[in-house]
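Scroll down for the structure; my scribbles are underneath it.
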Amino acid sequence: MSTLKVDTLQGKASATSITLPTTTNIGSTPLVSASANSMTIKGEGSATTNIQQGLTKVWAVGDQDSAQDLKDSFNVSSMNDASEGIIDFNIANNMANANYSASGNGRRDSGGSAIFCRLSDITTSLIKTYWLTPDSLSDTEHACLQINGDLA
């Protein structure tokens, strides 16, 4: 086998486009198919994984209890402390539709009690989260949200 070491690849027909054979590997992972805005790789066993479909599109860690801000996030433009135990997360790059998968979990730093998340008002650009202890709505110092689905 030959080794080709280069810093830049440039296409012959178009400087910004190259075509790879369908049997191309990325490291030891076979590239199964690639087309505009879609790439599929060989996953576990004989399964294949679509890279775009398999990525988390939104995640956030918010502090509603003391700092009332985002601690860290991806594709979240802002967090709004709507009321006691209620946080609106605004999605920066909209989801394609409101039929995405979302989940949340949290905890209170003071006392370490578990906080449960209920999702509501799910739109392509916002998701309302309700943070509950076993008894009532409660502000949380560590509100985590994850969304999987298609971006618009």
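The values are calculated or read from the model by the stated rules, or taken from the named source; none is laboratory data. Quick caveat, the model's predicted, so the values are computed rather than measured. Here Cβ is always computed from backbone atoms with ideal geometry, including for glycine, and neighbour counts include all displayed protein chains.
Below is a table of values for the structure above.
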| quantity | calculated |
| --- | --- |
| Given (1) surrounded by 13 or more Cβ atoms within 10 Å (Cβ to Cβ); (2) in the same structural domain as T140 (by TED's automatic domain parsing); (3) out of contact with any Cys (no Cβ under 6 Å at 6 or more places or on another chain); (4) not hydroxyl-bearing (S, T, Y), number of the condition D72 does not satisfy | (1) |
| Selected residue (criterion: surrounded by the fewest Cβ atoms within 10 Å (Cβ to Cβ)) from residues of the stretch 99-121 that are at pLDDT below 85 and charged (D, E, K, R) | D109 |
| Residues (under 16 Å from S125 (Cα atoms) and surrounded by fewer than 18 Cβ atoms within 10 Å (Cβ to Cβ)) located in the stretch 49-69 | T56, W59 |
| Lone qualifier among T124, T140 - being modelled with pLDDT of 95 or more, outside the structural domain of T24 (by TED's automatic domain parsing) and either assigned to a loop (DSSP other than H, G, I, E, B) or surrounded by 13 or more Cβ atoms within 10 Å (Cβ to Cβ) (or both) | T124 |
| Cross-chain or 6+ apart pairs with Cβ under 7 Å, the stretch 81-93 first and assigned by TED's automatic domain parsing to the domain that holds C144 and more than 12 Å from L132 (Cα to Cα), then of a type in the set (D, E, K, R) and in a loop (DSSP other than H, G, I, E, B) | none |
| Q68 vs. criteria modelled with pLDDT under 90 and on the phi > 0 side of the Ramachandran plot | yes |
